[in-house]
Amino acid sequence: MNNLTDIQNKFVSYIEKIMISNKLSHAYLIETEDSSTEFPLVLLFVKMILCPLEINKCDKLNCSKCNVCRLIDEKNFPDFEIIEADGNQIKKNQLLELKDEFQKTSLIGKRRVYVIKDAEKLNPSSANTILKFLEEPEENIIAILLTRNRYQVLDTILSRCQILTLNDASMMIRYDDEIALFIKYLFNGKDLFIHYKEILDNILVDKNKAKEVFEQVEKIILGYLGGKLNSDYDLTIFKEIEKKTLLKYVSIIEEEIPKLVYNINYKLWLDSIYTRFVEVC
Ligand SMILES: [Zn+2]
């Protein structure tokens, strides 16, 4: 683990950033072609979540200082479980056992982590079980799902996870990047339609995700208008846009988002909100 590739470095600095800024999500899906060679990176992520030492005091890549990291490396730490397919499938029972186990109070730490290898091997009933787990996230339980191909994982599961792809450095998708990219398309009107499929596949994958992204965009616009600079995003694009126009975007978001609660056709809703944005810019 000493010579990291570009993409591995990017991954490590990304997880460092989320740990330091305290923005850990409840569920991650890591897409990687070869989960056995990348597994040390996954363990590193787990160690960063569970290690009791301060992030800068513990060299988690080669942590020799702390017992927790050692036990994680040996896959012997009680607050860390790995689920692997039993044959060709991950079975419902395996997940129910995990659920039972994690419902007991931890004797050691505050957080617990489970890793599901080959998430595409979840069958319909085990997928349903894990979905319930992901839909009612407990504060202290973190899920990490691994897959070779995120397109083989159920959409309903994907939409609950932050997706990190290790297949290709230029594809590394992170939440901040997603938002930044979406802002770029949003304020360049036609881009919303030109990149329609890309946005649908990666960013606005479903109603819940759309709500989350638009609310974030609204917050960024209002923050910008209020003079607050957000270093996570490049906001130079806003400088070319009149304040009046930015406020129109905000009102469109505020009018359209509540409609998502109703049982509407999501794609029709998307077309209509896109059309409204294009008319403004
Ligand atoms: Zn440690």
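None of the figures in this text is laboratory data; all of them are computed from the coordinates on show. Note that the structure is a prediction, hence the values are computed from the model and not measured. Glycine also receives a Cβ, built like all others from the backbone with ideal geometry; neighbour counts cover every protein chain displayed.
Here the simple spin-label model places points 7 Å from the Cα toward Cβ, and for K267 and N93 these points are separated by 4.1 nm. For K244, the lysines whose Cα falls under 22 Å of its own Cα, not counting residues fewer than eight places away in the same chain, are K184, K190, K219, K228. Applying a length cut-off of 18 Å (Cα extent along the axis) and a mean Kyte-Doolittle floor of 0.0 to the DSSP H helices of the chain leaves 6-20, 35-50, 266-280.
Per-residue Cβ neighbour counts within 10 Å put D191, D79, D86 in the sequence D86, D191, D79, beginning with the fewest. Take every DSSP beta bridge whose two residues both sit in the chain; close to 5 percent of them are antiparallel.
Taking other C-beta atoms within 10 angstrom as a stand-in for reagent exposure, I142, I203 fall in the order I203, I142, fewest first. The packing ranking, built from the mean of other Cβ atoms within 10 Å per residue, places the peptides 217-227, 42-52 in the order 42-52, 217-227, highest first. Taking every C-alpha pair closer than 8 Å and separated by at least 6 residues, the mean separation divided by the residue count of the chain gives a relative contact order of 19 percent.
Our helix-only sum for the chain, with -39,500 (n - 2.57) per DSSP H run of n ≥ 4 divided by its residues, gives a mean residue ellipticity at 222 nm of -15000 deg cm²/dmol. Each residue in Y249, Y266 was given a count of other beta-carbon atoms within 10 angstrom of its own, and listing them fewest first yields Y266, Y249. Between T37, T245, T236, the GNM of the chain built on Cα springs shorter than 10 angstrom shows T236 fluctuating the most. Each 10 Å bin from 0 upward holds the following percent of the Cα-Cα pairs of the chain: 6, 26, 31, 23, 12, 2. Projected over every direction and averaged, the convex hull enclosing the alpha-carbon atoms of the stretch 178-280 yields 6.0 nm².
Sorting the segments 272-279, 155-162 by their residues' average number of neighbouring beta-carbon atoms within 10 angstrom, most packed first, yields 155-162, 272-279.
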